[in-house]
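So the structure is just underneath, and the comments pick up after that.
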Amino acid sequence: MSGPLKFWCLVLLVPGLLAIAPQATAEYGDVVLNRRAEKEGVRPVIFPHWFHRIRFRCKVCHAELGFKMRVGSNDFKMSDIVEGRFCGACHNGEIAWPPDQCDLCHSGKRGLPTGIVGGHETGGPGRW
Amino acid sequence: MRVFIFPGKPAQRRFVAVLAVLASAAAWGDEWASLRKDGIHDPRGPAVRVLQEPEVALSKLTPDTAGNMVRWVQSLEKGEINPRANLRPDTKIRLYESDVLLNLKGGMPIVRFPHRQHTLWLDCTNCHDHLFKAEAGATKFSMLKILEGEQCGVCHGAVSFPLTECFRCHSVARPGDGKPRPSLPIAIPAGAVPPK
């Protein structure tokens, strides 16, 4: 292989390899909640499963608090949270930050659809 | 690390080696994206300056090769994490130990479903009886349904280890099937990027 050819191979191949290298993605199990948020003028909510499961077993939210295991199937409002239901069972200023810290949960990019995202190997089941 | 043989002159081999190093350098450090660059957090919002970064928490736990890159069950068993099992003092914490063998007639190895690891995290009502009947053999399983996010796929493929890890569930060899199973379930086609 001649010198200039090798050079052009490198010029073309290196960006190509960078393009197919794994892209930075949301963490496996991250959930976007945007049923109401943007319509109400705030950012979508990002719920990180990884952060919560270090501190709570699945059963706390999915059995005690009644969160159904399907993104979009839990129809609740900020008023529920303020009154201590759903996220409000912990996000009450005692176990975790209170609901007046809007921006910490409502932290997503505008325009994101509700869904579960992220993953190093799979993007989650198709219908999610 | 996958070793492959590249036929050619030493100069060409060096060239390929350089490209391989560049590619792995590009992939390095991508295990846990920072919140600013994860594609879903608003990098201009205040939260990314306050919230814990995944790498800070997850890099300290037992590593995995898929999902959150954390062996969550092992991490729990080793005491690296100590997640609460209840909020209300009167909640009954139920643990159940029995294993269930599934897929007894299929082509893949038999599935050993361990109740113990599942009830460490979950309550019985999370699966019974709306996903699986409590009676062994009463539920017809379908890998297609699982891949579509039903049955085991409600969690596996979304929050628990993903469906690429076939042999973590299909873990019991059939009688007479003496060959050890490969550690990687899926054949990598020639020229494909090897998994991390």
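The values are calculated or read from the model by the stated rules, or taken from the named source; none is laboratory data. Predicted model only: the values in this text are computed from it and were never measured. Counting neighbours? That spans all protein chains shown, and the Cβs are built from the backbone with ideal geometry, glycine included.
Count, please, the residues in the range B:61-82 that happen to be farther than 27 Å from A:H106 by Cα, in a loop (DSSP other than H, G, I, E, B) and in contact (Cβ under 8 Å) with a residue 12 or more places away in the chain.
Total meeting the criteria: 7.
What pairs can you find where one residue is in the range A:23-45 and surrounded by 15 or more Cβ atoms within 10 Å (Cβ to Cβ), the other is part of a strand (DSSP E or B) and among the hydroxyl-bearing types (S, T, Y), and their Cβ atoms are less than 9 Å apart, with a gap of 6+ or different chains?
So the pair list comes out as A:G29/B:S160.
How many residues are in a helix (DSSP H, G or I) and under 18 Å from the mean Cα position of the chain (by Cα) if we restrict to the range A:34-46?
1
If you take the residues in the range B:20-55 that are within 20 Å of the chain's Cα centre (by Cα) and at pLDDT 95 or above, which one is nearest to the other protein chains (Cβ to nearest Cβ)?
Taking the candidates together, the pick is B:P54.
Please work out which residue is farthest from A:W50 (Cα to Cα), limiting yourself to the range B:124-177 and to residues that are part of a loop (DSSP other than H, G, I, E, B) and among the polar types (S, T, N, Q).
Applying the filter and picking the extreme gives B:T139.
Please work out which residue is surrounded by the most Cβ atoms within 10 Å (Cβ to Cβ), limiting yourself to the range B:106-162 and to residues that are at the interface with another protein chain (Cβ under 8 Å from one of its Cβ atoms) and touching a Ser or Thr at 6+ places or on another chain (Cβ under 6 Å).
Out of the qualifying residues, it is B:G157.
Could you list, in sequence order, the residues of the range A:89-117 that are under 21 Å from A:N74 (Cα atoms) and among the small types (G, A, S)?
Residues satisfying the conditions are A:A89, A:A96, A:S107, A:G108, A:G111, A:G115.
If you check B:P180 against the conditions, is it within 23 Å of B:D99 (Cα to Cα), in a loop (DSSP other than H, G, I, E, B) and at pLDDT 90 or above?
No: the conditions fail for B:P180.
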